[in-house]
1. Taking one equal scatterer on every alpha-carbon of segment 62-125, how large is log10 of I(q)/I(0) by Debye at q = 0.18, 0.22, 0.29 1/Å?
2. Bin by bin, in steps of 20 Å, what percent of the Cα pairs in the chain do you find, going until the bin that has the longest distance?
3. Using a 7 Å offset from the Cα along the Cα-to-Cβ direction at both Ala142 and Arg125, what is the distance between the two label points in nm, to one decimal?
4. Of the beta bridges DSSP finds with both residues in segment 10-128, what % are antiparallel, to the nearest 5?
5. Going down the table (Lys42/Lys67; Lys89/Lys274; Lys169/Lys381; Lys161/Lys382; Lys25/Lys119; Lys66/Lys89), which pairs top 19 Å between alpha carbons?
6. Which is farthest toward the positive dipole end of segment 228-384 among Gln291, Phe363, Tyr259, measuring Cα position about the Cα centre, with Cβ charges +1 (Lys, Arg) and -1 (Asp, Glu)?
7. Run through segment 1-109 and list the GluC sites (Glu not before Pro) located in a DSSP loop whose Cβ has at most 15 other Cβ atoms within 10 Å.
8. When the helices in the chain are scored as -39500 (n - 2.57) per DSSP H run of 4 or longer and the sum is shared across all residues, what 222 nm value do you end up with, to the nearest 500 deg cm²/dmol?
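The values are calculated or read from the model by the stated rules, or taken from the named source; none is laboratory data. Model, not experiment: these values are computed from the prediction. So basically every Cβ, Gly included, is an ideal-geometry build from the backbone, and we count neighbours across all protein chains shown. What goes into the accessible areas is simple: the full protein's heavy atoms, side chains included, and nothing from ligands, DNA or RNA. Shrake-Rupley method; radii C 1.70, N 1.55, O 1.52, S 1.80 Å.
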Amino acid sequence: MTELFADNSIEHETYMRRAIALAKKGIGAVNPNPLVGAVIVKHGRVIGEGYHARYGELHAERDALKKVTEDPAGAEMYVTLEPCCHTGKQPPCVEAIVEAGIRKVYVGSDDPNALVAGKGITYLRERGIEVETHVLKDACDALNPVFFHYITTKTPYVVMKYAMTMDGKIASATGKSKWISGEASRARVQEMRNELTGIMVGIGTVLADDPMLTCRIEGGRNPVRIVWDSDLRIPEESNLVKTAEAIRTIVLHDEKLAYDEASKETMEMLRSRKAELIGLPTVERRIGGRQMLDPTVAMTRLGEAGVDGILLEGGGTLNEGLLSAGAVQEVRIFLAPKILGGRDALTPVEGVGFDSPDLAAAFTLIETERIGEDIFLRYVKKEV
């Protein structure tokens with residue numbers, strides 16, 4: 001390998017970008033832990049690299065140290081997230097760094113976890129290890145929006161996803177939507193299902209399409225399937241119910257149904273199929289005055305159930321409810337080069353809508369990409 005100089009900022013970026021690439025290898029396997037990558041450099045040569053590959057297994061720093069090709073004493077480490085200093089499924093990474101004799105650590109993201117939150121950096125500095133923080137911070141932060149949100153709020157990071165035509169339709173007036181987006185875009189959706197712990201749809205989608213909501217990637221992870229079903233209309237013969245024992249399935253419903261005799265039978269059926277039931281209070285929608293399951297309580301309960309991120313594949317009614325409640329952190333759109341037209345064609349967000357543009361849910365565009373003939377757009381919730 002060509003000799004590199006560790007004090008050169010270009011080389012800092014090179015090593016940290018390699019650590020970022022390594023971290024991404026853990027997508028779909030580490031939740032609710034963060035994605036983390038690490039690279040160890042000595043005398044301008046990479047002597048070890050690693051990443052957090054699976055929840056419960058070695059963290060990136062220990063994985064990299066395990067794979068070094070020579071003594072790491074005096075080496076430098078590039079790690080995308082502040083090293084942990086507490087014992088969880090694994091012992092503290094800071095201890096391994098000190099024991100290995102690492103001379104300097106370059107850190108990308110701060111860890112907002114209260115168990116870490118600067119303590120890892122302090123631990124290293126108190127033991128004579130030089131630490132430089134915020135190296136490619138924005139790029140490192142972009143690895144873990146789900147973790148950062150979940151660890152600080154204890155609620156899932158919600159990604160609303162839909163495919164729409166150039167005139168903003170997600171289905172024709174007859175309800176037909178196959179296929180608005182192209183094959184390449186649909187393959188990308190499967191990656192999203194692997195990326196996020198949960199996937200949520202409304203009961204209307206279940207009744208209309210009878211979906212499986214699985215991840216169709218070889219070696220991928222099926223998301224936890226979450227159904228927004230206020231009145232418990234989900235059929236026993238639906239694919240979701242029939243496979244609930246094999247794939248974790250959660251049904252959200254009006255908590256008052258626990259006192260309804262007809263609903264008790266449905267609840268017993270769902271429990272016998274190993275589906276999980278979460279009863280929720282209802283609340284008046286901010287827009288329109290109709291009742292819906294309380295989105296705020298729903299997110300709290302799902303967070304308690306270990307769901308750190310959700311791909312929202314809902315219809316316009318569910319999307320409107322969660323948007324109005326401020327529960328959506330990100331929107332991903334596949335824009336197809338088609339025009340459906342039709343006053344009654346379906347749109348991504350139904351309901352009454354916001355009264356004026358200045359009251360609308362606001363987002364910031366952070367990514368655009370051409371996927372086949374479609375355009376992929378990614379937005380994050382605008383900071384107030």
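1. Computed log10 I(q)/I(0) values: -0.61, -0.91, -1.44.
2. With a bin width of 20 Å, the distribution comes to 26, 50, 22, 2.
3. That separation, rounded to one decimal, is 2.8 nm.
4. Values: 10 of 15 bridges.
Of the beta bridges lying entirely in segment 10-128, close to 65 percent run antiparallel.
5. Lys89/Lys274; Lys169/Lys381; Lys25/Lys119
6. Phe363
7. Those satisfying the criteria are Glu3, Glu57, Glu70.
8. One gets -8000 deg cm²/dmol as the mean residue ellipticity at 222 nm.
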